[in-house]
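Here is the structure we will look at.
Values in this text are rule-based calculations from the coordinates and carry no lab data. Predicted model only: the values in this text are computed from it and were never measured. Because the Cβ atoms are built from the backbone with ideal geometry, glycine has one as well, and the counts that use them run over all protein chains shown.
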Amino acid sequence: MVVKKVVVAVGISLAMIGCASTNGGKVVRVDPRDMRDTDANYGAEDLHIFVQKMVSAMLQTPLIATASKKPYLALGNIGVGVGVDEHIDTKLIKNSIRTNLIKSTRVNFVDSEYIEKLEKKDAKFIGKDFELTGDVHAIKKDTGNTIDNFYALTLKLTDVKTSVIVWSEEKEIRKIVNR
């Protein structure tokens, strides 16, 4: 019984040591909009740059800027290109773009995920006018002395009735780090 208590106590102690913070327990909160690159890889600053550019460009297109009624948009897939060898959260890109567009009050969004779950015979919903899709690509070079990372986000808005691409925009980001 004593051995069992010692084993449990040692186990708990090891678990507590393993969970201890390596920075002395100090947590620093920063404003998520306070942009700071820590390396040449894709990060939060790049997300904000991509989203800001795409939302601004989309709201300026005549399709939305001069629309007599708010169009209904749906989010499609944002693919990740062959050259991307790191995690880029495309769902976060889509969600941020959708949130900012909705806040503009100039477009409506159809919840495609919700509609897919409904039984079609019972469903009554507003159809989408346009679908937003795109791709993220990267080109990376490391010469030993220099890291050169290039990222591109291309989005397009397609009219679902005609399959015509009615808007497209691209934003490029290039980061160079000299060692």
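Overview of values
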{"item": "Length-normalised contact order for the range 30-178 - Cα pairs under 8 Å, 6+ apart - percent", "result": "26 percent"}
{"item": "Cα gyration tensor category, rounded, prolate or oblate, for the range 53-134 with a/c compared to 1.5", "result": "oblate"}
{"item": "Stretchable slack from Ile139 to Ser112, in nm (0.36 nm times residue separation minus alpha-carbon distance)", "result": "6.5 nm"}
{"item": "Label-point separation in nm, Val28 to Asn100, each point 7 Å along Cα→Cβ", "result": "2.7 nm"}
{"item": "If the convex hull is drawn through the Cα atoms of the range 30-178, its volume per residue in Å³", "result": "138 Å³"}
{"item": "Linear extension gain, Ser68 paired with His48, 0.36 nm per residue minus alpha-carbon span", "result": "4.2 nm"}
